[in-house]
Amino acid sequence: MNIFLSGASGMAGKNILSNPMAKKFNFIAPRRSDLDLLNVDQLNSFFQQNKIDLVIHAAGIVGGIEANISNPEKYLFENTQMGINVVNLSKEHKIKRLINLASSCMYPKDHLQPLSENMILNGPLEPTNEGYALSKILVTKLCEYISLNNKNFLYKTLIPCNLYGEHDNFDYDSSHMIPAVIRKIYNAKCQGHDHVLIWGDGEARREFMYAKDFSDFIFYAIEHFKKLPQNLNVGLGNDYSINDYYKIIADIVDYNGKFMHDHTKPVGMQQKLLNIEKLKKLGWNNQFTLRQGIKETYQFFKRGNYD
């Protein structure tokens, strides 16, 4: 099977390609420098030149809460454009199967927890990442419409909880919470700081899956494609407070300083826990505990071989 993987240089993409199961397939995985997904003509030529049986759309402009607040138009426009280009051209070139990776950010901010797949568009979005969320909703709905109007096209969307792991982004200005906290606490330890600052009161709750677990599910999804519902949450079914994550990471890093809270900073949604009933019915389970995943991510960070 020839699989086109967009976003091959991102965390999800790299974990997919490094998974032992990847050897069973022929992955066509160009980097951004080789294929610009915003360029329709370039992408069209790419599809013409390659025989593709399945598309996995994992590309995206991603970042933490600060990055989303500072540049919402970029997150909205580029993610929407990339997704629409990939999905539309896949259909034009008669590629019958596509897996679109969305995000739990696209669920309403004040909806009852846990969040199930039928809650999309049922309420206002979290303002701090609204642009990114809207882009994911648009591409998800496009996949729905294509699959609904032509039963020969199975264009399905996976909605993962927050991901972290090897090949993560540890940049201060654009990283997600776990890599940002790992770097923050590690630097505090190395520089002898007696405290670390947490945005808000730290009581907001988040669900994080280790990227190796998510890559395992990708291959499960490939091999059980017809069983997948149109939209599917991929999560753990449990969450922790921001304070809990800081404590666990501090313990792994062996940092003994204190935590202080900056209540002037935004915290995003108070909770974002996925309903995984449909996932459970498929019979798949994750393998890594939170501590195992963070330990491996921390070791990856200390090796310094991240982008």
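Readers should treat all values here as calculations from the given coordinates under stated rules, not as data from a laboratory. These figures come from a predicted structure and were not determined experimentally. Note that we place each Cβ from the backbone using ideal geometry, even for glycine, and neighbour counts take in every protein chain shown.
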Checklist entry - When only C-alpha pairs under 8 Å and at least 6 residues apart count, what is the relative contact order of the chain, in percent? => result 20 percent
Item to check | Distant-in-sequence amide H partners of ASN275 (H built 1.01 Å from N, under 5 Å) | outcome: LEU115, SER116
Next on the checklist: Can you give me the C-alpha center-to-center distance between the range 52-71 and the range 256-294, rounded to a whole angstrom?
Outcome noted: 19 Å
Checklist entry - Charges only on Cβ, +1 for Lys and Arg, -1 for Asp and Glu: so what's the dipole of the chain about the Cα centre, in debye to the nearest 20? => result 1080 debye
Next on the checklist: For the chain, set up a GNM with springs between Cα atoms under 10 Å and report which of MET21, MET209, MET82 has the largest fluctuation.
Outcome noted: MET21
Next on the checklist: Given Cβ point charges of +1 (Lys, Arg) and -1 (Asp, Glu) and nothing else, what value in debye, to the nearest 20, does the dipole of the range 86-208 about its Cα centre take?
Outcome noted: 720 debye
Checklist entry - Under 5 Å between amide H atoms, partner at least 5 residues away or on a different chain: which partners does VAL234 have, H built in plane at 1.01 Å? => result ILE159, CYS161
Checklist entry - What is the dipole size for the range 193-258, taken about its Cα centre, with +1 at each Lys and Arg Cβ and -1 at each Asp and Glu Cβ, in debye to the nearest 20? => result 320 debye
Item to check | Qualifying trypsin sites (Lys or Arg not before Pro) for the range 88-155 [loop in DSSP, other Cβ within 10 Å: at most 13] | outcome: LYS94, LYS151
Next on the checklist: If you take every DSSP beta bridge fully contained in the chain, what fraction is antiparallel? Give it as a percent rounded to 5.
Outcome noted: 5 percent
Checklist outcome for this item: If unit charges are put on Cβ atoms (+1 for Lys and Arg, -1 for Asp and Glu) and the dipole of the range 145-247 is taken about its Cα centre, the option from LEU158, PRO229, VAL196 lying farthest towards the positive end turns out to be PRO229
Next on the checklist: Between SER90, SER70, SER103, where does the largest GNM mean-square fluctuation fall for the chain, given springs only between Cα atoms within less than 10 Å?
Outcome noted: SER70
Item to check | Whole-Hz couplings from phi, Karplus 6.51/-1.76/1.60, listed for the range 214-228; x for Gly and Pro | outcome: 5, 5, 4, 5, 4, 6, 4, 5, 4, 7, 10, 4, 5, 7, 5
Checklist entry - Percent relative contact order of the range 1-88, based on C-alpha pairs within less than 8 angstrom and at least six residues apart? => result 38 percent
Checklist entry - Are there chymotrypsin sites (Phe, Trp or Tyr not before Pro) in the range 99-172 that DSSP marks as loop and that have at most 16 other Cβ atoms within 10 Å, and which are they? => result TYR172
Item to check | Where chymotrypsin sites (Phe, Trp or Tyr not before Pro) fall in DSSP loop in the range 19-77, at most 13 other Cβ within 10 Å | outcome: none
Checklist entry - Among LEU98, ILE185, GLN81, which residue has its Cα positioned farthest towards the positive end of the charge dipole of the chain, with +1 placed on the Cβ of Lys and Arg, -1 on the Cβ of Asp and Glu, and the dipole taken about the Cα centre? => result LEU98
Checklist entry - Suppose R0 equals 22 Å; then what is the FRET efficiency for LEU38 and HIS93 from their Cβ-Cβ distance, rounded to the nearest 0.05? => result 0.75
